[in-house]
Amino acid sequence: MLDIRHPPRLPLVAPSILSADFARMGEECRGVIEAGADLLHLDVMDGHFVPNLTMGPRLCEDLRRAMPETFLDVHLMVTDPGAYIGPFRDAGANLLSFHVEVAGGEEGETMCERIRAAGMSPAVAINPGTPAEALEGVLGHVDMVLVMSVVPGFSGQRFKDEVLDTTRWARERLRDDQRLEMDGGVCPDNAARVREAGCDVLVAASAIFGRPPAQRGDVIGRLRGG
Ligand code: DX5
Ligand code: ZN
């Protein structure tokens, strides 16, 4: 299993399965891991924090059983992340990201403690438009910061360049054993800028699953860079 704090290589490429073919999920997931991806990113939406419904613990559980060695990075775009710690622990998730917009400051710190006590890595996500300073107080307690480069809800949106400032702000404050993940509109054309701003985990849904399976290895390689 991947050690997110001390990975064997960086950057990591994390396909978001939101753009996979849901009717062929197992095949899609195995395919991108065989094509060189490092982990899988699961986008959980509750129809309240964001205007979409996607997947829950049951899918995570089935992926864990089908792919026991694959690191599962669960991005909670939900209003009440605390309610999902137990279900995703039981479903075999490795990392849980909650949003700073619903749990910042002391509440964020407590959320991190609860996620870690459940045997998972805590991560905090921040939306475009939320000031980077909202991360203060939580930053020291996470294994990863997730910078959203689109307004969350749907895959296939355009990358927002302005979040690179938040990215650099976070990078300056993170330790070597803390990851910095970019999520939203990431593609081979902007991957170099994303990496230069300090990101070491690149999420991509449409850029990977929008291509035919035979081309996905090439896209993953270009996201990772030379
Ligand atoms: C956005 C999700 C992302 C999204 C990325 O709401 O958190 O993970 O699926 O999709 P792309 O890479 O297509 O922008
Ligand atoms: Zn995501």
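The values are calculated or read from the model by the stated rules, or taken from the named source; none is laboratory data. Computed from a predicted structure; not experimentally measured. Here Cβ is always computed from backbone atoms with ideal geometry, including for glycine, and neighbour counts include all displayed protein chains.
I'd like to verify a number: residues in segment 195-217 that are assigned to a helix (DSSP H, G or I) and under 12 Å from residue 13 (Cα atoms), how many?
Selection size over segment 195-217: 5.
If you take just the strands (runs of 3 or more DSSP E) that sit entirely in segment 60-159, which of them hold at least 2 residues that are among the small types (Gly, Ala, Ser)?
Correct list: 121-126.
Which residues, counting only those in segment 1-35, are within 17 Å of residue 184 (Cβ to Cβ) and among the small types (Gly, Ala, Ser)?
14, 16, 19, 20 - these are the residues of segment 1-35 that are within 17 Å of residue 184 (Cβ to Cβ) and among the small types (Gly, Ala, Ser).
Mind listing just one residue for me: the one in segment 171-192 that is farther than 20 Å from residue 74 by Cβ and in contact with a Leu (Cβ under 7 Å, 6 or more places away or on another chain) and, of those, surrounded by the most Cβ atoms within 10 Å (Cβ to Cβ)?
191
Could you please give the count of residues in segment 192-223 that are touching a strand residue (DSSP E or B) at 6+ places or on another chain (Cβ under 7 Å), within 16 Å of ligand 2 (Cβ to nearest atom) and without any contact (Cβ under 8 Å) to a residue 60 or more places away in the chain?
Of the residues in that region, 1 qualify.
Those residues that are buried (at least 21 other Cβ atoms within 10 Å of the Cβ) and in contact with a helix residue (DSSP H, G or I) (Cβ under 7 Å, 6 or more places away or on another chain), I need them from segment 105-119; list them, please.
Those that are buried (at least 21 other Cβ atoms within 10 Å of the Cβ) and in contact with a helix residue (DSSP H, G or I) (Cβ under 7 Å, 6 or more places away or on another chain): 111, 112, 115.
Do we have residue 53 as modelled with pLDDT of 95 or more and either within 16 Å of ligand 1 (Cβ to nearest atom) or more than 19 Å from residue 144 (Cβ to Cβ) (or both) here?
Taking the combined requirement at face value, the residue satisfies it.
Can residue 86 be described as away from ligand 2 (no atom under 15 Å from the Cβ) and under 18 Å from residue 198 (Cβ atoms)?
no
Just the residues that are away from ligand 1 (no atom under 11 Å from the Cβ), part of a loop (DSSP other than H, G, I, E, B) and either closer than 15 Å to residue 14 by Cα or in contact (Cβ under 8 Å) with a residue 60 or more places away in the chain (or both), please, taken from segment 182-191.
188
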